[in-house]
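The next block holds one structure in the form of structure tokens; read it before the comments.
The values are calculated or read from the model by the stated rules, or taken from the named source; none is laboratory data. The model shown is predicted, which means the values in this text are computed figures rather than measured ones. Reconstructed Cβ throughout: ideal geometry from the backbone, glycine too, with neighbour counts over all protein chains shown. All accessible areas refer to the heavy atoms of the entire protein, side chains included, with ligands and DNA or RNA removed. Shrake-Rupley method; radii C 1.70, N 1.55, O 1.52, S 1.80 Å.
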Amino acid sequence: MNLTVIGTGYVGLVSGVCFSDLGNRVTCVDNVPQKIEMLKKGEVPIYEPGLKELIDKNTEESRLSFTTDLSAAVKEAEIIIIAVGTPQSENGEADLRYIDQAAKEIAAAMNGYKIIMTKSTVPVGTNERIRNLISGITNHSFDIVSVPEFLREGSAVRDTFNPDRIVIGTERKAAAEKIISLHTPLTDNIFVTDIRSAEMIKYASNAFLATKISFINEIANICEKVGADVDLVAQGMGYDKRIGPSFLSAGIGYGGSCFPKDTKALIQIAGNVEYDFKLLRSVVEVNQMQRFGVIDKLLDSLGTIQNRTIGIWGLAFKPNTDDVREAPSLEIVSALLELGATVKIYDPIATNNFLNVLNHPYIIRCDSALDASRDCDAICLLTDWQEFKEVDLDQIGDAMRLPIMIDGRNTYTLKDMATKKFLYYSVGRPLIKHTHEQALEYQNVNIG
Ligand code: UDX
């Protein structure tokens with residue numbers, strides 16, 4: 001099939017590239033010329049494992065191309081995929097300006113029947129809005145299909161090739177059949193429904209996953225007070241098939257380009273029909289609070305943060321991505337600077353993106369986890385990169401001024417940490433201190 005994908009962000013680029021790898025001819029369009037120039041040269045504007053190899057392969061085999069010429073790309077395509085951003089506007093609502101712009105440009109370029117498939121996450125009713133915009137501009141016939149995307153950053157290629165399900169929202173049987181055949185190579189689990197339900201499935205899924213995370217984070221906070229271990233609690237809960245084991249890792253809360261934005265958008269969608277989504281408001285509030293547990297633990301161990309040197313391991317909102325959008329690291333580092341610390345930061349790939357958002361004379365960029373630990377009064381592990389699981393913790397402890405670690409992702413087992421000399425805080429698990437005196441001794445070290 002001939003496909004045109006509008007928008008080369010995570011969703012558009014990864015879906016376009018994967019559809020080309022399935023044998024379709026795909027043109028990816030973006031209105032940022034620099035991005036298209038990069039892609040034409042085989043450079044990938046986002047970090048995503050496996051993506052570059054697929055781009056190289058499918059460009060070489062002439063199934064994949066990149067352009068800024070939306071009009072020409074629309075004319076050539078049978079199916080046009082809208083995958084532009086729907087950022088958060090000031091009141092939390094999704095900002096639909098890029099959707100509207102894409103719809104108008106598609107309509108102006110149409111030269112015959114097209115299927116227009118929306119992959120962007122859009123509030124209920126948006127596909128109807130797209131239909132109205134297009135039919136107000138062109139007399140050519142078309143069908144609208146909503147196919148929400150569920151891929152995750154960092155595993156986007158794998159997720160696209162192995163989806164749990166494909167949701168197709170449309171009122172037209174013929175369009176549904178065409179979109180089913182496009183997705184058949186990926187899975188048998190294809191759920192066809194009406195457009196409004198498809199739009200809602202995406203928000204409801206993200207909101208539910210965010211709820212699971214905030215739920216386990218609150219359980220973790222209680223575990224800390226009652227002396228239970230949240231990892232074991234989650235494991236025990238997860239054996240119940242009705243609950244399931246995934247998305248029950250306690251930590252410093254969710255970040256990224258989806259959960260924070262989509263939860264707030266759903267609260268707003270509900271608000272627009274005078275429904276107060278109380279549960280989801282609490283999920284967002286709990287998530288916001290959760291990241292500051294790191295600061296509380298630093299205060300607990302160090303007494304004061306003023307004039308301390310704190311190492312930060314991990315800046316990306318999760319491993320295997322260079323994305324720092326809504327990353328807990330941004331607020332944690334800001335809080336540390338405000339409290340008078342010098343902050344040494346290290347991330348395998350996200351440091352540039354981080355420094356583009358937050359830079360400060362008291363932030364020191366480091367090239368390794370060891371470098372970011374040297375002479376520190378404590379280190380905070382904020383992203384559970386594999387690399388941190390493999391460091392030599394004895395060497396790290398020796399390089400630090402005080403061997404204190406606040407592990408925001410429960411990266412190490414308590415059994416392993418019991419053999420190290422760290423004063424080790426994690427989330428929802430007992431503190432590891434070798435003697436009570438050790439803890440007190442750290443609090444009293446002169447910070448000169
Ligand atoms: C998410 C959805 O999973 C995906 O289906 C949707 O299309 C986009 O939003 P993504 O934001 O890429 O994907 O990452 P995800 O792996 O879902 O993690 C989101 C955040 O939740 C991360 O900050 C992660 O650290 C956190 N998280 C995840 C937890 O704190 N605990 C968990 O158990 C799982």
Quiz item: Assuming Glu37 fulfils every condition listed in (1) closer than 20 Å to Asn24 by Cβ; (2) at pLDDT 95 or above apart from one, which condition is it?
Solution: (1)
Quiz item: Among the helices (runs of 4 or more DSSP H) confined wholly to segment 363-430, which include 2 or more residues that are farther than 21 Å from Arg308 by Cβ and without any contact (Cβ under 8 Å) to a residue 24 or more places away in the chain?
Solution: 414-418
Quiz item: Any residue at all in segment 227-245 that is in a loop (DSSP other than H, G, I, E, B), within 13 Å of the ligand (Cβ to nearest atom) and on the phi > 0 side of the Ramachandran plot?
Solution: yes
Self-check item: Selected residue (only one of Ile310, Ile332, Ile349, Ile379 is under 14 Å from Leu298 (Cβ atoms) and within 16 Å of the ligand (Cβ to nearest atom))
Solution: Ile332
Quiz item: Going through segment 313-322 one residue at a time, which ones are open to solvent by 10 Å² or more (accessible area, probe 1.4 Å) and either within 11 Å of the ligand (Cβ to nearest atom) or under 9 Å from the mean Cα position of the chain (by Cα) (or both)?
Solution: Phe317, Lys318, Pro319, Asn320
Exercise. Starting from segment 250-261, take each residue that is at pLDDT below 95 and list its partners that are basic (Lys, Arg) and more than 6 Å from the ligand (Cβ to nearest atom), counting only C-beta distances under 6 angstrom and pairs at least six apart or across chains.
Key: Ser257/Arg325
Quiz item: In this structure, does Pro185 turn out to be open to solvent by 70 Å² or more (accessible area, probe 1.4 Å), more than 9 Å from the ligand (Cβ to nearest atom) and either in a loop (DSSP other than H, G, I, E, B) or touching a Pro at 6+ places or on another chain (Cβ under 6 Å) (or both)?
Solution: yes
Quiz item: Exactly one of (1) open to solvent by 50 Å² or more (accessible area, probe 1.4 Å); (2) part of a helix (DSSP H, G or I); (3) not acidic (Asp, Glu) is unmet by Val294. Its number?
Solution: (1)
Quiz item: Got a number for residues in segment 157-170 being within 14 Å of the ligand (Cβ to nearest atom) and either part of a loop (DSSP other than H, G, I, E, B) or in contact with an Asp or Glu (Cβ under 7 Å, 6 or more places away or on another chain) (or both)?
Solution: 5
Quiz item: So how many residues does segment 356-365 have that are open to solvent by less than 60 Å² (accessible area, probe 1.4 Å) and under 14 Å from Pro328 (Cα atoms)?
Solution: 1
Quiz item: Has segment 327-337 got at least one residue that is open to solvent by less than 30 Å² (accessible area, probe 1.4 Å), under 20 Å from Leu431 (Cβ atoms) and assigned to a loop (DSSP other than H, G, I, E, B)?
Solution: no
Quiz prompt | Test for Leu358: is it within 16 Å of the ligand (Cβ to nearest atom), in contact with a Ser or Thr (Cβ under 9 Å, 6 or more places away or on another chain) and of a type outside the set (Ser, Thr, Tyr) | solution = no
Exercise. May I ask you to say which residue of Gly169, Gly227, Gly236 is out of contact with any His (no Cβ under 6 Å at 6 or more places or on another chain) and either open to solvent by less than 10 Å² (accessible area, probe 1.4 Å) or under 26 Å from Thr383 (Cβ atoms) (or both)?
Key: Gly169
Quiz item: Could you say whether any residue in segment 191-204 is surrounded by fewer than 19 Cβ atoms within 10 Å (Cβ to Cβ), within 15 Å of the ligand (Cβ to nearest atom) and more than 20 Å from Val122 (Cα to Cα)?
Solution: no
Quiz prompt | Among (1) open to solvent by 30 Å² or more (accessible area, probe 1.4 Å); (2) out of contact with any strand residue (DSSP E or B) (no Cβ under 9 Å at 6 or more places or on another chain) - the single one Ala399 does not satisfy | solution = (1)
Quiz item: If you go through segment 252-307 one residue at a time, how many are among the charged types (D, E, K, R), within 21 Å of the chain's Cα centre (by Cα) and more than 12 Å from the ligand (Cβ to nearest atom)?
Solution: 3
